[in-house]
1. Quick check on my link table: of Lys119/Lys293; Lys192/Lys291; Lys53/Lys117, which ones sit more than 25 Å apart, alpha carbon to alpha carbon?
2. Below 8 Å, C-alpha to C-alpha, sequence gap of six or more: please give me the relative contact order for the chain in percent.
3. Where does the charge balance sit around Leu97 when Lys and Arg score +1, Asp and Glu -1, over other residues with C-beta under 14 Å from its C-beta?
4. Can you give the accessible area per residue of the chain, in Å², using a 1.4 Å probe?
5. Taking a spot 7 Å from the Cα of Asn212 along the direction of its beta carbon, which residues of the stretch 135-158 have an amide N less than 12 Å from it?
6. For the stretch 232-266 and the stretch 118-191, write down the distance between their C-alpha centroids in whole Å.
7. Name the residue farthest towards the positive end of the dipole of the chain from the options Phe157, Asn122, Gly203, assuming +1 on Cβ of Lys and Arg, -1 on Cβ of Asp and Glu, about the Cα centre.
8. Given R₀ = 35 Å, what would the calculated FRET efficiency be for Ala274 paired with Asn162, taking r from the Cβ atoms and rounding to 0.05?
Amino acid sequence: MKKALICGISGQDGAYLAKLLLDRGYEVCGTSRDAQMSSFGNLARLGIRDRVKLESMSLNDFRSVLQVLAKIEPDEVYNLAGQSSVGLSFEQPVETLESIATGTLNLLEAIRFTGGKIKLYNASSSECFGDTGGSAADENTPFRPRSPYAVAKATAFWEVANYREAYNLFACSGILFNHESPLRPERFVTQKIVSVVCRIAAGSSEKLHLGNISVQRDWGWAPEYVEAMYLMLQQEEPDDYVIATGVSYPLEEFVQTAFVSAGLDWQEHLVTDASLYRPTEIAVGRGNPAKAKEKLGWEAKYKMPDVVRMMVEARQIGGEIIR
């Protein structure tokens, strides 16, 4: 039985990945800064809370990382931890850089130090590319990060590449474009939209306040994207991959689809709020997942309209959808 260690198991991707690995016969251990105090609500929502071993670990503390690796002795490590909000990174740039860049470095150094044959997956981000002028980004597109979050993710990406080349570690980065699900917290704009739409449909008189709705994003379905993470560590050689649908939509269209799914006219309920604009913003985000299709056999089945409908449906019925 293979053992997997998921750093950041309490988040959206960590929970879906844990379920996928359990379904494939893995023994799964997850970490949190304080496992005794964390609720692990997403694991509970997926019905797997009691099937996962949980350990306290701080990626910012090298000793803590080393202890957990020595105790668990995993075959695969998935690094999904760290501050995950682009917007919040402008308010907490130091915490963002430390939790992502220093955390990833500690993990790499601990794996190198132990000398084990551990395979590492690192969660990188499409935010690293910055504004590509509408072109679809692939693995050779230069990084031009436009937020503290993106700077931290770019740093972690190059740390992984360096350790792979310098120490022959099996270490991969998945450069994931936006991927959503019912497990998204409301501080993410997609879940904010879905939550407000469903409350309005249920009789609330509130309005949906958003910033720039002209931005375009490549939105996918999170349960599909964690399968790509798993596939990266099953290859003969480590490599980096862009994971995306290859299709972008304006945020305005996301909003419209959500309101239509709930039987509402979006223009009656939307308020554009200038205070919600970010200091710097990416106009168009679009990925080219050709390499993932060719080498991993991975391809997104669901595009933005499907994702929105599934999120609205899950919110209205109070359940989870995994397809």
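The values are calculated or read from the model by the stated rules, or taken from the named source; none is laboratory data. Quick caveat: nothing in here was measured; it's all calculated off a predicted structure. Methodologically, a virtual Cβ is constructed for each residue, glycine included, from the backbone with ideal geometry; neighbour enumeration extends over all protein chains shown. Accessible surface areas use protein heavy atoms only, side chains included; no ligands, DNA or RNA. Shrake-Rupley method; radii C 1.70, N 1.55, O 1.52, S 1.80 Å.
1. Working: Lys119/Lys293 21 Å; Lys192/Lys291 32 Å; Lys53/Lys117 21 Å.
Among Lys119/Lys293; Lys192/Lys291; Lys53/Lys117, the Cα-Cα distance tops 25 Å for Lys192/Lys291.
2. Values: 640 pairs, mean separation 57.0, N = 323.
Result for the chain is 18 percent.
3. Working: positive: Lys153; negative: Glu91, Glu95, Glu98, Glu127, Glu159.
So the surrounding residues net to -4.
4. Working: 13870 Å² over 323 residues.
Accessible surface, normalised per residue, equals 43 Å².
5. 146-147
6. 15 Å
7. Of the candidates, Gly203 comes out farthest on the positive side.
8. Working: r = 41 Å, r/R0 = 1.18.
Taking R0 as 35 Å, the efficiency between Ala274 and Asn162 is 0.25.
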